[in-house]
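Participant: First the structure, which I've put down as structure tokens, then a few questions once you've had a look.
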Ligand SMILES: Nc1ncnc2c1ncn2[C@@H]1O[C@H](COP(=O)(O)OP(=O)(O)OP(=O)(O)O)[C@@H](O)[C@H]1O
Ligand SMILES: [Mg+2]
């Protein structure tokens, strides 16, 4: 090979590495560059088929009780999908399945069109870019807001590694940006334990964002929040939409109304209806299920 060709190759490889590192490879072909085949980088999510998440005929039983029953669902890249449904409908179990906490008895669960999530463990799924937020905030109360966000980047939790861990400049920029996004820029030096419930929830979302997840699973994120905190959370989710895909489970209908595009109604472990909030609220079967509670 001539030095010229070597140089060109090295330049292309470097360009590709920078595109990958900066996340600026979201071409229309889903991050794949013309002439390089289907997937250029291992772990890259292939969204060429217009889906970031795809479930088909998923079922899971607990002691003979079908909590999820032939459930099929897909979510587009950048979409903010709301999931509603009565208590016990299977909403949390659905998130457990996507995040790898619960393994379904049957069915298909794909992240993009090539990553079969059923082949991965819970921690690996988080690494692949699926962030999960549980209802109860789990921030480190003794640490400051800043330290909590900093820690979220450090995947090596051993004490020595934690002491030596330092942010690089791109990570510092990212942290500063996230502080603004989660409305905590003025509280970065406050102990997390002194934050309000709503602020703790935002901090936890910020900790997930530090990992730059492609898909965020948020289970009852505004439960226990004041009206003002709920409104700010709606704003926050609307700013995250597009950059990330979001699946939001909530019972608070006014919150759902303020953020929703497509709403999926779950009941008895299956999709009962799907459409705009107005459409599903006018659906006879949905009305029956909610009134019958
Ligand atoms: N690990 C488990 N073992 C046994 N039963 C379970 C388990 N997880 C969930 N279930 C049952 O599966 C059903 C669905 O539960 P799930 O928590 O997914 O409902 P949900 O839609 O999130 O309800 P809610 O709105 O009350 O949070 C319920 O009947 C629940 O009791
Ligand atoms: Mg639940």
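Participant: Provide 110, 140 in ascending order of the number of other Cβ atoms located within 10 Å of each residue's Cβ, fewest first.
Facilitator: If I rank by nearby Cβ atoms, fewest first, I get 140, 110.
Participant: Same structure again: Cut-off is 10 Å between beta-carbons; in what order do 268, 46 appear when sorted fewest neighbours first?
Facilitator: 268, 46
Participant: With no solvent and one point per C-alpha, what does the Debye sum give as log10 I(q)/I(0) for the stretch 44-291 at q = 0.12 Å⁻¹?
Facilitator: -0.71
Participant: Give the whole-number value, in cubic angstrom per residue, of the convex hull volume spanned by the C-alpha atoms of the stretch 212-273.
Facilitator: It comes to 98 Å³ per residue, whole-number rounded.
Participant: If neighbour count is taken as other Cβ atoms inside 10 Å, put 239, 181, 264 in order from fewest to most.
Facilitator: Final ranking by Cβ density, sparse to dense: 239, 181, 264.
Participant: For the stretch 165-254, what mean projected area does the convex hull of the alpha carbons give, in nm²?
Facilitator: Dividing the Cα hull surface by four gives the mean projection, 6.4 nm².
Every read-out reported here was derived from the displayed coordinates using simple, explicitly stated rules and does not represent laboratory data. Please read all numbers here as calculations on a predicted model, not as lab measurements. Cβ: placed from backbone, ideal geometry, glycine included. Neighbour counts: every protein chain shown.
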